[in-house]
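> Input: one structure, supplied below.
The values are calculated or read from the model by the stated rules, or taken from the named source; none is laboratory data. The structure displayed is predicted, hence computed values, not measured ones. With ligands, DNA and RNA removed, areas are computed over all heavy atoms of the protein, side chains included. Shrake-Rupley method; radii C 1.70, N 1.55, O 1.52, S 1.80 Å.
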Amino acid sequence: MLPCMTREPEQQIGVGTQDAFQRLWTPHRMAYIQGENKPSGPGADDGCPFCSIPAKSDEDGLIVRRGEQVYAVLNLYPYNGGHLMTVPYRHVADYTDLTDAETAELAELTKQAMTALRTASGAHGFNIGMNQGTVAGAGIAAHLHQHIVPRWGGDTNFMPVVGHTKVLPQLLADTRTMLADSWPKA
């Protein structure tokens, strides 16, 4: 039994149907699906994770870089290995509500994140963007955040298509350390 396990694994006879695919279980994703770490309302005091993360250590908060107005943090529920977000410290929902200084630093940290990801992982390209509002797909609409998702040639394999899941080969804490060490010097 592994140290992190609370009991011996048990064989589950008859679960699922036999087919040509092995099963890859990702129970950690259920926390996101069920709304763990999501705010109870739109205010900064309603449990906004983007407001509470900066009070943590870089390691505990998965923060890769802190700026004056904006910080870069690993996504706790990544679309791909190395998935970062640039987030203003100020609790603001809409891009048009950013100050000029916040907008400039958000752009600068995004550029630096791309450089760090290329250095650390050899990323070939990126998906960069923000979902403004719940109807646009924002998981946490009340606090603006920009996604920086590294991509590699051939990274769309059968797992996302057939298995509806991503395989992430590295722990988030290890990814955070690798990216922090690869961040361009100011």
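> At a 1.4 Å probe, what is the % contribution of carbon and sulfur to the accessible area of segment 39-182?
54
> On to the next question. At a 1.4 Å probe radius, which order do Glu102, Glu36 fall into by accessible area, largest first?
Final ranking, largest accessible area leading: Glu36, Glu102.
> Note down the accessible area of Asp181, probe 1.4 Å, to the nearest 10 Å².
Rounded to the nearest 10, the figure is 110 Å².
> Tell me, what are the semi-axes, in whole angstrom and largest first, of the equivalent ellipsoid of segment 39-182 as set by the roots of 5 times the Cα gyration tensor eigenvalues?
After scaling each eigenvalue by five and taking roots: 24, 18, 15 Å.
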